[in-house]
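A.B. asks: I'd like to ask some things about the structure below.
The values are calculated or read from the model by the stated rules, or taken from the named source; none is laboratory data. Values in this document were obtained by computation on a predicted structure and should not be read as measured data. Positions of Cβ are backbone-derived with ideal geometry, glycine not excepted, and every protein chain shown enters the neighbour counts. For accessibility, only protein heavy atoms count, side chains too; no ligands or nucleic acids. Shrake-Rupley method; radii C 1.70, N 1.55, O 1.52, S 1.80 Å.
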Amino acid sequence: MDCLALERFRRETSRVRSLQKLRALRDQVNEEFGRRLLFAEALEWSREVNEYHDALIRRVIVLSEERLKEEWGKAAPLPYAFLLFGSGGRGEQTLWSDQDNGLIYADPSSAEQRLEADRYFAELAARITEGLEAVGYPPCHGQVICTNEQWRKPLEDYRWMVNEWMREPDWEHVRYLLITIDARSVYGDEALGCALIEEIYRYTAAQPAMLEHMLRNTLHHKVSIGVFGQLIKERYGEDAGGVDVKYGAYIPIVNGIRLLAVEAGIRRSSTEERIQALIAGGHVPEEIGQDWLEALTLALKLRSMTPYQLEEGRYVTRGKLTADQLTKERVTELKQCLRIGTDLQKYVKRTIPKEIVKRLGDRL
């Protein structure tokens with residue numbers, strides 16, 4: 001989509017007064033982006049898609065705030081930020097990504113203000129979630145969503161929660177930590193989200209052994225390529241013969257780059273920006289970093305080509321290329337992406353333990 005068309009859609013989005021019209025606009029924009037996918041540069045296309053997602057989400061939040069103020073006669077009692085996690089936090093959503101979000105607000109100064117804030121933000125979260133569903137975003141199956149109290153609380157409570165996860169770094173706690181590291185404030189007081197993420201960086205810098213726990217989670221999803229270079233395909237069901245692009249290509253790349261960025265102290269949420277910062281900071285040779293950018297570009301492109309459908313008015317996908325989509329060209333691109341992804345996982349597995357030993361040794 002050219003810059004003028006994207007800007008026009010953003011302007012229209014900022015003026016829409018109803019969720020129904022906002023949904024119609026989203027459908028129109030999705031069709032436009034879908035037509036352009038095969039002819040666009042994947043990273044640029046992804047950036048534009050996510051700029052529009054951000055605009056849509058912000059508009060839903062503004063409409064929710066306005067209607068709550070009309071009914072309750074008051075605005076938010078404390079500064080807050082609406083956080084995106086997952087691909088939204090990284091600025092890498094597809095046209096059909098679901099809701100992965102949270103809400104963080106400033107610490108109340110009294111018990112009375114805490115009660116008022118809890119009540120207000122619970123209601124606001126419910127309205128935002130309903131609004132996002134109305135414009136086509138299904139809720140997160142894993143309940144990483146602002147209507148879940150775990151992901152809606154004051155900054156101090158969030159800090160306490162992430163420190164508990166780090167003190168007891170079992171599999172699930174580390175998974176939540178890695179989710180939180182990808183958080184990005186899409187609306188409101190950005191400093192609140194930054195303060196939360198800084199808590200994790202601070203602890204990890206002081207306790208390098210935390211990287212070892214993160215490494216186990218990071219390498220959990222294996223790249224979908226066999227020892228002889230063959231694609232690992234789905235064996236059963238309606239996806240038989242297809243390839244899981246999300247968990248077999250995209251997620252392993254995202255996970256590996258994230259951990260390298262955390263180890264290097266890079267405060268970025270975008271995978272592309274993390275790679276660029278790793279190169280610029282001398283943490284990785286430029287040639288290797290450019291390979292990772294190539295793999296990310298291919299993974300984003302192929303992930304965006306997976307089929308989607310509408311279920312109860314919401315955009316959903318299983319994140320898999322079908323057997324029919326695996327043309328010679330697609331297979332070549334996919335294998336290149338997976339080969340680099342495999343090399344990346346080997347690099348992470350080799351590098352992170354060395355850095356842990358080095359940090360511990362520097363303290364002796």
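A.B. asks: Scan the range 286-310 and report the pairs whose first residue is more than 16 Å from GLU44 (Cα to Cα) and open to solvent by 50 Å² or more (accessible area, probe 1.4 Å) and whose second residue is in a helix (DSSP H, G or I) and of a type outside the set (A, V, I, L, M, F, W, C), with Cβ atoms within less than 9 Å and a gap of 6+ or a chain change.
C.D. replies: So the pair list comes out as ILE288/ASP343; ILE288/TYR347; ASP291/ASP343; PRO307/GLN325.
A.B. asks: Another question, if that's okay. Does ALA122 satisfy the condition of being more than 22 Å from THR271 (Cα to Cα), open to solvent by 10 Å² or more (accessible area, probe 1.4 Å) and in contact with a Lys or Arg (Cβ under 8 Å, 6 or more places away or on another chain)?
C.D. replies: Details: more than 22 Å from THR271 (Cα to Cα): yes; open to solvent by 10 Å² or more (accessible area, probe 1.4 Å): yes; in contact with a Lys or Arg (Cβ under 8 Å, 6 or more places away or on another chain): yes.
Judged against the criteria, ALA122 is a match.
A.B. asks: If I filter the range 143-156 for residues that are touching a residue at least 60 places away in the same chain (Cβ under 8 Å) and either surrounded by fewer than 16 Cβ atoms within 10 Å (Cβ to Cβ) or within 24 Å of ARG17 (Cβ to Cβ) (or both), do I get at least one hit?
C.D. replies: Checked against the condition, which is being touching a residue at least 60 places away in the same chain (Cβ under 8 Å) and either surrounded by fewer than 16 Cβ atoms within 10 Å (Cβ to Cβ) or within 24 Å of ARG17 (Cβ to Cβ) (or both), the range 143-156 yields at least one hit.
A.B. asks: Counting only residues that are assigned to a helix (DSSP H, G or I) and in contact with a Lys or Arg (Cβ under 7 Å, 6 or more places away or on another chain), which one in the range 128-142 is surrounded by the most Cβ atoms within 10 Å (Cβ to Cβ)?
C.D. replies: So in the range 128-142, the residues assigned to a helix (DSSP H, G or I) come out as 128-134.
Imposing the further condition that a residue be in contact with a Lys or Arg (Cβ under 7 Å, 6 or more places away or on another chain) reduces the set to 133-134.
Numbers: GLU133: 19, ALA134: 16.
Checking each candidate, the answer is GLU133.
A.B. asks: What are the residues in the range 35-68 that are at pLDDT below 95 and loosely packed, with under 13 Cβ neighbours inside 10 Å, if any?
C.D. replies: Listed by number, the residues that qualify are ARG35, LEU38, PHE39, GLU41, GLU44.
A.B. asks: If you don't mind, another one. Need pairs with beta-carbon distance below 9 Å; first residue more than 20 Å from ILE253 (Cα to Cα) and at pLDDT below 85 and within the range 347-364, second surrounded by 11 or more Cβ atoms within 10 Å (Cβ to Cβ) and not aromatic (Phe, Trp, Tyr); sequence gap 6+ or separate chains.
C.D. replies: LEU360/PRO208; LEU360/ALA209; ARG363/PRO208
A.B. asks: Taking only pairs six or more apart or across chains, which ones have beta-carbon atoms under 9 Å, a first residue in the range 265-277 that is more than 17 Å from GLN290 (Cβ to Cβ) and touching a residue at least 60 places away in the same chain (Cβ under 8 Å), and a second residue that is of a type in the set (D, E, K, R) and open to solvent by 40 Å² or more (accessible area, probe 1.4 Å)?
C.D. replies: Sorted first by the residue in the range 265-277, then by its partner, the pairs are ARG267/GLU198; SER269/ARG184.
Residue by residue, here is whether (1) open to solvent by less than 10 Å² (accessible area, probe 1.4 Å); (2) part of a helix (DSSP H, G or I); (3) within 16 Å of ILE356 (Cβ to Cβ) holds:
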site	(1), (2), (3)
ARG159	no, yes, no
MET166	yes, yes, yes
THR180	yes, yes, no
SER185	no, no, no
ALA205	no, yes, yes
ASN217	no, yes, yes
HIS220	no, no, no
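A.B. asks: Also, I was wondering about something else. Does the range 87-106 contain any residue that is touching a residue at least 12 places away in the same chain (Cβ under 8 Å), among the basic types (Lys, Arg) and crowded, with 23+ Cβ neighbours inside 10 Å? Break it down stepwise before answering.
C.D. replies: So in the range 87-106, the residues touching a residue at least 12 places away in the same chain (Cβ under 8 Å) come out as 87-106.
Then drop every residue that is not among the basic types (Lys, Arg), which leaves 90.
Of the ones still in play, those that are also crowded, with 23+ Cβ neighbours inside 10 Å are 90.
Scanning the range 87-106 turns up at least one residue that is touching a residue at least 12 places away in the same chain (Cβ under 8 Å), among the basic types (Lys, Arg) and crowded, with 23+ Cβ neighbours inside 10 Å.
A.B. asks: Suppose the filter is among the charged types (D, E, K, R), within 19 Å of the chain's Cα centre (by Cα) and open to solvent by 10 Å² or more (accessible area, probe 1.4 Å); does GLU32 pass it?
C.D. replies: no
A.B. asks: Right, here's the next one. Looking only at the range 311-320, count how many residues are open to solvent by less than 50 Å² (accessible area, probe 1.4 Å) and either modelled with pLDDT of 95 or more or part of a loop (DSSP other than H, G, I, E, B) (or both).
C.D. replies: Residues in the range 311-320 being open to solvent by less than 50 Å² (accessible area, probe 1.4 Å) and either modelled with pLDDT of 95 or more or part of a loop (DSSP other than H, G, I, E, B) (or both): 2 in total.
A.B. asks: Taking interchain pairs and intrachain pairs at least six residues apart, which have beta carbon atoms under 7 angstrom, with the first residue in the range 212-228 and at negative phi and of a type outside the set (Phe, Trp, Tyr) and the second surrounded by 13 or more Cβ atoms within 10 Å (Cβ to Cβ) and in a loop (DSSP other than H, G, I, E, B)?
C.D. replies: Cβ pairs passing all conditions: HIS213/PRO169; SER224/ILE232; ILE225/ILE232; GLY226/ILE232.
A.B. asks: Right, another one. With the requirement that a residue be over 15 Å from TRP151 (Cβ atoms) and of a type in the set (Val, Ile, Thr), what does the range 173-199 give you?
C.D. replies: Matches in the range 173-199: VAL174 only.
A.B. asks: Can you confirm whether GLU71 is over 27 Å from TRP160 (Cα atoms), open to solvent by less than 20 Å² (accessible area, probe 1.4 Å) and not hydroxyl-bearing (Ser, Thr, Tyr)?
C.D. replies: For GLU71, the condition - over 27 Å from TRP160 (Cα atoms), open to solvent by less than 20 Å² (accessible area, probe 1.4 Å) and not hydroxyl-bearing (Ser, Thr, Tyr) - is not met.
A.B. asks: Out of HIS283, HIS213, report the one residue that is at pLDDT 95 or above, in a loop (DSSP other than H, G, I, E, B) and open to solvent by 30 Å² or more (accessible area, probe 1.4 Å).
C.D. replies: HIS283
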